[in-house]
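Everything on this sheet refers to the single structure shown next.
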Amino acid sequence: MRIQRALLSISLLAALLALPHPAASAEEQAAAAARMAAIVIDDLGNNMAGTEEIVGMPFPITVAVMPFLPSSQKDAEAAHRNGHEVIVHLPMEPLKGNKSWLGPGAITCDLSDDEIRKRVHAAIDDIPHAIGINNHMGSKATVDERVMRVVLEVCRERGLFFLDSHTNYRSIVSKLAKQIGVPCIENHLFLDDVKSKMHVLNQIKLLQKHLREHEPCIAIGHVGSGGKITAELVRQLPGTMENVQFVGVSKLVR
């Protein structure tokens, strides 16, 4: 009797597995086939040109807001309200340039561990809805293991990921983040490191090329000088790039 019941159960299971599954909708098939990309826009927080257009973008992006500036909290709130992800755009010391250009609360390599920790916590506290951090400048800081260890430890404490803007190809951030246990991902290209429409269009072509060969892709643009050009061209991306799904950068962090 037990053997007969077991055979009957196996037969029923086989019959269920043989039943045809409902076909996926066209939308579900397209989403499954789409390659994923994230657009990150830096330098919000200081009423810069293009901010309103970026915050009003009709598809998901990530805005990186600098702390302690006149419109830092307003920009973060507006972006969050419109469904965009918010991260802290943390000023960090570059190899070249005047430290005073970084703005308030900058992370420089001459600071003590305690001061770095204090400044990172304060920056996170200043930006509403922040779920991650990326570096503003930072070509010197992101190769300094002591500095980055403290920054990443704060990320771990606060449950934030780190996006390495990759302003220095020798950056140790990803390797160190893995050791510390912090989710981390790297930027792949800058959209507007040259402030011209032609250059941004060429960078968008590189984004498309990257997605044909790799997945995902993160591209960083900026408000400020050239910000309206960047916003205009970014707004057009979903209509010009087939089989690409634009998402907040947190969706790509592993």
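Rule-based calculations on the coordinates, nothing more; no lab input. Note that the structure is predicted; figures quoted are calculated from it, not measured. Virtual Cβ from ideal backbone geometry, glycine too; neighbours counted across all protein chains shown.
Dipole size of the chain about its Cα centre, with +1 on Lys/Arg Cβ and -1 on Asp/Glu Cβ: approximately 700 debye, rounded to the nearest 20. Less than 5 angstrom separates the built amide H of residue 61 from those of 85, all sequence-distant by 5 or more or on a different chain.
Set the Förster radius R0 to 45 Å, insert the Cβ-Cβ distance between residue 115 and residue 242 as r into 1/(1 + (r/R0)^6), and round the FRET efficiency to 0.05.
0.40
For the range 197-213, the Karplus equation 6.51 cos²θ - 1.76 cosθ + 1.60, evaluated at θ = phi - 60°, returns couplings of 4, 4, 5, 4, 4, 5, 5, 5, 4, 5, 4, 4, 5, 4, 5, 5, 9 Hz by residue, with Gly and Pro reported as x.
Using θ = phi - 60° in the Karplus curve 6.51 cos²θ - 1.76 cosθ + 1.60, the 3J(HN,Hα) couplings for the range 235-241 round to 4, 7, 4, x, x, 10, 10 Hz; x is entered for Gly and Pro. Select from 227, 128, 245 the residue farthest towards the positive end of the dipole of the chain; place +1 on Cβ of Lys and Arg, -1 on Cβ of Asp and Glu, and compute about the Cα centre. So the residue furthest toward the plus end is 245.
Below 14 Å Cα-Cα, how many Lys pairs turn up in the chain? Only count pairs eight or more apart in sequence, or on different chains, if you could.
Value for the chain: 5.
Residues whose amide H falls under 5 Å from that of residue 218, counting only those 5 or more places apart or on a different chain, are 38, 188, 189, with hydrogens built in the peptide plane.
The residues neighbouring residue 168, those whose beta-carbon lies less than 12 Å from its own, together hold a net charge of -1 under the Lys/Arg +1, Asp/Glu -1 convention.
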